[in-house]
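Values quoted throughout were computed directly from the atomic coordinates according to the rules given, and no laboratory measurement underlies them. None of the values given here were measured: they were computed from a predicted structure. Quick reminder, even Gly has a Cβ in these numbers, built from the backbone with ideal geometry, and neighbours come from all protein chains shown.
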Amino acid sequence: MRNNISLLIALLLPFSMIAQGWSGGIRAGLNYSRIDGPSEIDPSGNNLERNTFSSGFHIGGMISRKLNSAVGLRGEILYSQRGTDYQYQGDSYLRLFTEAGVVANTRGTRYTTLRITNTYLDLPLSVFLRLGRIELSAGGYGSFMLSSRGVGELNYNGKSTVGQTIEPLLVPLKYDYFKDQYQQTGVLNAKVITVDNKRVVVPSTLGAYYDTRDTGVPLFNRIDAGLHAGLGIFMSQGLYLGARIQKGFMDLTRAEQELSLQSLDSTGKIIPRSDEDLNLSLQLSIGFSF
């Protein structure tokens, strides 16, 4: 009996809150986002990396409470895609491996394109100011990353450490940052070539950690948080169009998986990096408040 009463209270609570001045709503729309971080630089001072805006979407619900006729508070829960279109172009290296995992270092030029899509559960909290049909809002958000994937292509031309020319390589990139393992590859249609008298396997696809350090941790942190500010225009009492800019202040990437693509050290080992990479996104929404 007690459990039935508790369930009834839980079911009636949202309606009771709305009756006491709370209101609900839904919103959905597009995200345009990128990861902001420093670029590697070649010896001439040129940037080797570039992050540009990629597109995604968001959808979810919200609940609002007016404090007076103009000011109120709002909480939201959103499924949201954020990411970046990444490019690397210039001097680089590529480590290839034998079937036994022995490394063969090469040096050359790399052109990498990669679209990274990170999906989040977002929890924004806002203060809003309603001025007629115009609404201004600002606040903070917390996010939990649900998944992280990348799709792209590696185009590489290089030579071995003793000057052997390596045939040009064009390899698809298929990354799952939370599931891929160290040196994970696609073996279907893989080729075997000789580099410095070593028979190395050229994979048909590369995973996220093929040519990194074997740390056992993913590149991306699960938790993000930041600030946001937005503008809404109400087309009717409930229907509105909105725009919001959102900036994270937590480093997205783990130092254990950040590495230089420009060069190896004097012993042929990977050089670690420690960059701060932050989310930046613009949301365009259509929503309904009731």
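Taking Asn118, Asn155, Asn197 as the candidate residues, the one with maximal mean-square fluctuation in a Gaussian network model of the chain, Cα springs under 10 Å, is Asn197. Using only alpha carbons, the chain has a radius of gyration to Kirkwood radius ratio (Rg to Rh) of 1.12.
Mean separation of Cα pairs under 8 Å and 6 or more residues apart, divided by the residue count, gives the chain a relative contact order of 18 percent. Segment Leu227..Val192, full-extension length gain: 7.6 nm, with 0.36 nm per residue of separation and the alpha-carbon distance subtracted. Fully extending the segment from Ser23 to Leu129 would add 36.6 nm, taking 0.36 nm per residue of separation and subtracting the current Cα-Cα distance. Using Cβ point charges alone (K and R +1, D and E -1), the dipole size of the chain about the Cα centre works out to roughly 920 debye. Considering only alpha-carbon pairs that sit under 8 angstrom and 6 or more positions apart, the relative contact order computed for region 50-195 is 19 percent. Across region 157-169, coupling constants 3J(HN,Hα) worked out from phi with the 6.51/-1.76/1.60 Karplus curve, θ = phi - 60°, read 10, x, 9, 6, 5, 9, x, 6, 6, 9, 4, x, 10 Hz, and Gly and Pro carry x. In this calculation the C-beta distance from Ile270 to Leu30 is compared with R0 = 41 Å, giving a FRET efficiency of 0.65. Entry note, the chain: the mean residue ellipticity at 222 nm calculated from DSSP H runs of n ≥ 4, each adding -39500 (n - 2.57), is -2000 deg cm²/dmol after division by the residues and rounding to the nearest 500. What's the whole-number percent of alpha carbon pairs in region 105-147 lying beyond 16 angstrom? It works out to 67 percent of all Cα pairs. Across region 161-290, the relative contact order, built from alpha-carbon pairs under 8 Å that are at least six residues apart, equals 21 percent. What is the calculated FRET efficiency for Ile59 to Asp214, with r their C-beta to C-beta distance and R₀ = 35 Å, to the nearest 0.05? Taking R0 as 35 Å, the efficiency between Ile59 and Asp214 is 0.40.
Between Val162 and Asn46, the C-beta separation translates, for a Förster distance of 25 Å, into a calculated FRET efficiency of about 0.35.
Find which of Leu282, Gly242, Thr112 sits farthest along the positive direction of the dipole of the chain, computed with +1 on the beta-carbon of Lys and Arg, -1 on that of Asp and Glu, about the Cα centre. Most positive-ward Cα: Gly242.
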